[in-house]
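Data block below; observations after.
The values are calculated or read from the model by the stated rules, or taken from the named source; none is laboratory data. What you see is a predicted model; the values in this text were computed from it and never measured. Neighbour counts run over all protein chains shown; Cβ positions are idealised from the backbone, glycine included.
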Amino acid sequence: MMHGSRHGVDSHGVRLLDHYVQSIAGGRVKGAPDMRFIGDATAALTLDADDGHGALAAYRAMDKAMALAGTAGIGAVAIRNSSHFGPAGAFALAAAERGFIGLAFCNSDSLVRLHDGAERFHGTNPIAAVAPAPQGRPWMLDMATSAVPYNRVLLYRSLGRALPPDAASDEDGHDTLDPMLAEMLAPVGGLFGFKGAGLAGLVEILSSIVSGAKLSFDIIPMSNMEAMEPRNVGAFVLALNPTAFVPKPLYDAAMGRYLERLRGSRPVEGGEVLAPGDREWREAERRAREGIPIDPATARAFDAIASRFGLSRPVPVV
């Protein structure tokens, strides 16, 4: 959660705390799961998360993937019997911070229509990839394969803001700017949404079919808090050791030159060319100085949690 809130990904930040508290208290997610790795391949394993928290499972899986990559050059771990894991970039970043290229994927309950579709099919099925850089912050891509994550719709409902075009659809699959009418999300790509739908399918294959987890359209909706049985969400993480392929000085030189040329690319008038992650790193620095903004619904949820568990009410820093 803090990775999301620190980097400006508020849809996957501390606003999720209320959901996680309810999920653990209600028994949907185990507070003390018995997670175990399955398999004996050199560079690939499966983690049975035992219905534990998705973030705990993903961090453990990435730690194991890095251990495998340390000897084999590459390590992959599929995850089953998991739950919502928050921002995928957090787990890919954990690999990059130790010198690996990290990738993380997960499926989720159906919220996204297919291209030209009029019903929910895939989850938001995010893709995250983070690569270490010789100087400065890593190259960091973290994106949903939907135009926006569903938590963004909920956030905009709380803030009373209109959605951007080509982000969400009403019950008939038609584009809507009203977050109150949004019944499903659009795949990323707008008129070329078949590309986003295809990427979502790739995530589905890795996270569900390879792991043995449920397919998106079989997962209990995250928002259905009446059904407290485990959801069996799937995920997939991969760590790649770049020095298994190229000497570190060569990697550092090429990555450094790539990022230098990327950021120095000529922008349109009034624009700014950024590498993936630059916007998030900039926001993290600003929030370290000014604090993390909390939307009204999240503030009310914090008050309720504090009251329920006898905690001090959170006090705004500004």
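Checked against the criterion of being out of contact with any helix residue (DSSP H, G or I) (no Cβ under 8 Å at 6 or more places or on another chain), crowded, with 17+ Cβ neighbours inside 10 Å and of a type in the set (Asp, Glu), the stretch 3-14 contains not a single residue that satisfies it. Could you please find all residues in the stretch 32-42 being in contact with a strand residue (DSSP E or B) (Cβ under 7 Å, 6 or more places away or on another chain) and among the small types (Gly, Ala, Ser)? Hit for the stretch 32-42 is Gly39, nothing else. Taken over the stretch 108-160, the residue count meeting the criterion of being of a type outside the set (Val, Ile, Thr), in a helix (DSSP H, G or I) and in contact with a helix residue (DSSP H, G or I) (Cβ under 9 Å, 6 or more places away or on another chain) is 8. Pairs meeting the criteria (first residue in the stretch 32-54 and of a type in the set (Val, Ile, Thr) and surrounded by 13 or more Cβ atoms within 10 Å (Cβ to Cβ), second residue at pLDDT 95 or above and part of a loop (DSSP other than H, G, I, E, B), beta carbons under 8 Å, at least 6 apart or on different chains) are Thr46/Gly39; Thr46/Ser211; Thr46/Gly212. When the stretch 43-75 is filtered for residues that are β-branched (Val, Ile, Thr), in a helix (DSSP H, G or I) and in contact with a strand residue (DSSP E or B) (Cβ under 6 Å, 6 or more places away or on another chain), nothing remains. Gly212 fulfils the conditions (1) surrounded by 14 or more Cβ atoms within 10 Å (Cβ to Cβ); (2) modelled with pLDDT of 95 or more; (3) part of a helix (DSSP H, G or I) except for a single criterion, (3). With respect to the conditions (1) over 21 Å from the mean Cα position of the chain (by Cα); (2) surrounded by fewer than 22 Cβ atoms within 10 Å (Cβ to Cβ), Ser169 falls short on a single one, namely (2). Residues in the stretch 224-236 include none that are aliphatic (A, V, I, L, M) and part of a helix (DSSP H, G or I). Scanning the stretch 182-209 for residues that are closer than 22 Å to Val77 by Cα and either acidic (Asp, Glu) or not in a helix (DSSP H, G or I) (or both) turns up just one, Glu204. Assess whether Ala244 counts as being more than 25 Å from Pro33 (Cα to Cα), at pLDDT 95 or above, surrounded by 24 or more Cβ atoms within 10 Å (Cβ to Cβ) and touching a helix residue (DSSP H, G or I) at 6+ places or on another chain (Cβ under 8 Å). When the stated conditions are applied, Ala244 does not pass them.
For Ala182, the requirement of being over 30 Å from Leu45 (Cα atoms) and crowded, with 23+ Cβ neighbours inside 10 Å is met. On the basis of being modelled with pLDDT of 95 or more, more than 30 Å from Pro247 (Cβ to Cβ) and touching a Gly at 6+ places or on another chain (Cβ under 7 Å), does Ser110 make the cut? So Ser110 passes the test. Quick check on the stretch 76-97. Is at least one of its residues crowded, with 24+ Cβ neighbours inside 10 Å, assigned to a helix (DSSP H, G or I) and in contact with an Asp or Glu (Cβ under 6 Å, 6 or more places away or on another chain)? Yes.
Remark: pairs (first residue in the stretch 239-261, touching a residue at least 60 places away in the same chain (Cβ under 8 Å) and assigned to a strand (DSSP E or B); second residue of a type outside the set (Phe, Trp, Tyr) and surrounded by 14 or more Cβ atoms within 10 Å (Cβ to Cβ); Cβ separation under 6 Å; 6+ apart in sequence or on different chains) = Ala239/Ala65; Ala239/Met66; Ala239/Ala69; Ala239/Gly75; Ala239/Ala95; Ala239/Gly102; Leu240/Ile74; Leu240/Ile101.
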